[in-house]
Amino acid sequence: MKRKDNPSILFVCLGNICRSPLVEAVARRRCAEAGLEVALASCGTGNWHVGKGADPRMRRAAEAVGYDLASHRARQVRADDFSAYDWVLAMDSDNLEALLSLRGHRGTEPELFLRWAGVASPQEFPDPYFGDAEGFEEAVALAERGVDGLIARLRKG
Ligand code: 4NP
């Protein structure tokens, strides 16, 4: 629920099995380390993987550097997410467009994650799903950069 003292953030990608669960896991660990109390979740605009765990390639790359995705289960975005979360952050413009269509005119206005986090480039989080193992390692590094920016923004209040 929306509360200023304990902000809530929903990360959104397409399948909710690669990018957004990764960013959620990185943010979960780093916010805890930074002593920030933030409610974190993720979901997808698509429904193909609902109920499934994170992509095994994403799990491998994330867990190799200590981000645990074992308990993640994919879910699809819902209209009431826009009233439940203070920030709804899309991984790329396609997902931002899908969120804007679903939202209508009420609730939290979705934004691009990397832009919101102050990352100048890239502002689109590349989808590693159809690529090679290197893409998943790059995704971890980009998630860390984004979460660094997220923490800086939350600290500013
Ligand atoms: P994600 O990656 O949006 O980062 O979870 C994808 C996962 C699945 C598909 C595409 C992207 N898919 O086409 O099934």
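The values are calculated or read from the model by the stated rules, or taken from the named source; none is laboratory data. This is a predicted model, so every value here is computed, not measured. Every residue, glycine as well, gets a Cβ built from its backbone with ideal geometry; the counts of neighbours run over all protein chains shown. The accessibility values were calculated without ligands, DNA or RNA, using every heavy atom of the protein model including side chains. Shrake-Rupley method; radii C 1.70, N 1.55, O 1.52, S 1.80 Å.
With a 10 Å cut-off between alpha carbons and a GNM built on the chain, which of Ala79, Ala143, Ala98 moves the most?
It is Ala79.
How much accessible area per residue does the chain have, counting only protein heavy atoms and a probe of 1.4 Å, in square angstrom?
Per-residue accessible area for the chain comes out at 51 Å².
Classify segment 8-156: rounded, prolate or oblate, from the alpha-carbon gyration tensor (a ≥ b ≥ c, eigenvalue square roots; a/c under 1.5 rounded; otherwise prolate if a/b is larger than b/c)?
Verdict is rounded for segment 8-156.
Just tell me the longest site-free run in the chain, where the sites are chymotrypsin sites (Phe, Trp or Tyr not before Pro) in a DSSP loop having at most 16 other beta-carbon atoms within 10 Å.
Maximal segment without exposed cleavage sites: 49-129.
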